[in-house]
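Input: a single structure, listed below in C-alpha cells.
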C-alpha cells in the first residue's frame, strides 16, 4: 500500500469526512495536523503542497490531492474493494446528490473562514453569526430529511444498509450542528442514521476528540 498522509485539523469537518472514508476503506494512513487558528496551514511549506492553503489534503507517495470530495472519490480508485460510491449510475447519482447537498449548500456558507469574515470585517456579534449558521443548516437538513424519509433507497444508512459516501458527509455536519446548538429534533431520520453510524469503529475512531491534535 502507498504511503498516505492526511493533512488536516482535528475539528475540520472536511478532514473528518476523509478520516471516516479512510477508515471505512481500511486504508492505513498517518496524519500531519495544523493549528488553523495559528495560521499553520498558510505557511509557505504547506502552500507549496496545497496552494489553496486549506485542509484537508491527502498526500499519496508525494502526490497531493486536495478537496475532500475529490479525495474520497479517489479512494475508490486506489482501493476498489469495499466501495464508497455505487457502480450503478442511478444509485451513484443519488448518493452524490446527498453528499453534494451538504458539501456545496451548507459547508461553504458555514466554513470557518466565512464565519471569521462575518465576525471580523462585517462586525457581526456571536449571536448573529450563530443565527446565520443555524439558518443554513436548517435549510438543507429540512430538505434532506424529506428526501431520506420518502425514498425507498434509504436504509439504516443514507443509501441502503451499508455505510458509504453520503454518510461520510452527513455525520461531520451533524457534529458541527450540535456544536452550534442547532435544533435537530425535526430531523429524526438524520439523527437515526447518525446514531447507527457512530456505533461503528470507522466513525468512532474518526471523531474530532480522538485525533492526535485534539485540544
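Taking the criterion of being surrounded by fewer than 19 Cβ atoms within 10 Å (Cβ to Cβ) and over 25 Å from residue 161 (Cβ atoms), the residues of region 89-106 that qualify are 104, 105.
Residues in region 15-42 that are within 17 Å of the chain's Cα centre (by Cα), modelled with pLDDT of 95 or more and either surrounded by fewer than 12 Cβ atoms within 10 Å (Cβ to Cβ) or in a helix (DSSP H, G or I) (or both): 15, 16, 17, 18, 19, 20, 21, 22, 23, 24, 25. Of these, 148, 109, which one is modelled with pLDDT under 90, surrounded by 16 or more Cβ atoms within 10 Å (Cβ to Cβ) and closer than 26 Å to residue 18 by Cα? Step by step, each of 148, 109 is checked, and only 109 is modelled with pLDDT under 90, surrounded by 16 or more Cβ atoms within 10 Å (Cβ to Cβ) and closer than 26 Å to residue 18 by Cα. The residues of region 151-160 that are buried (at least 17 other Cβ atoms within 10 Å of the Cβ) and free of Cβ contacts under 8 Å to residues at least 60 places away in the same chain, listed by number, are 154, 157. With respect to (1) farther than 20 Å from residue 96 by Cβ; (2) in contact (Cβ under 8 Å) with a residue 12 or more places away in the chain; (3) assigned by TED's automatic domain parsing to the domain that holds residue 136; (4) not in a helix (DSSP H, G or I), the lone exception for residue 185 is condition (2). If you check residue 74 against the conditions, is it in contact with a strand residue (DSSP E or B) (Cβ under 6 Å, 6 or more places away or on another chain) and either surrounded by fewer than 17 Cβ atoms within 10 Å (Cβ to Cβ) or assigned to a helix (DSSP H, G or I) (or both)? Yes, satisfied.
Has region 43-53 got any residue that is buried (at least 23 other Cβ atoms within 10 Å of the Cβ) and not assigned by TED's automatic domain parsing to the domain that holds residue 95? No, that holds for no residue. When residues in region 129-160 are screened for being assigned to a loop (DSSP other than H, G, I, E, B) and either under 18 Å from residue 11 (Cβ atoms) or out of contact with any strand residue (DSSP E or B) (no Cβ under 8 Å at 6 or more places or on another chain) (or both), 7 of them pass. As a summary of the residue check, residue 163 satisfies the conditions (1) within 19 Å of the chain's Cα centre (by Cα); (2) surrounded by fewer than 19 Cβ atoms within 10 Å (Cβ to Cβ); (3) assigned to a loop (DSSP other than H, G, I, E, B) except for the one numbered (2).
Here's the yes/no breakdown for (1) touching a helix residue (DSSP H, G or I) at 6+ places or on another chain (Cβ under 9 Å); (2) in contact (Cβ under 8 Å) with a residue 60 or more places away in the chain:
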| position | (1), (2) |
| --- | --- |
| 2 | yes, yes |
| 6 | yes, no |
| 9 | yes, yes |
| 16 | yes, yes |
| 21 | yes, yes |
| 25 | yes, no |
| 29 | yes, no |
| 38 | no, no |
| 43 | no, no |
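The values are calculated or read from the model by the stated rules, or taken from the named source; none is laboratory data. These numbers come from a predicted model, not from an experiment. Cβ atoms come from the backbone with ideal geometry, glycine included; neighbour counts cover every protein chain shown.
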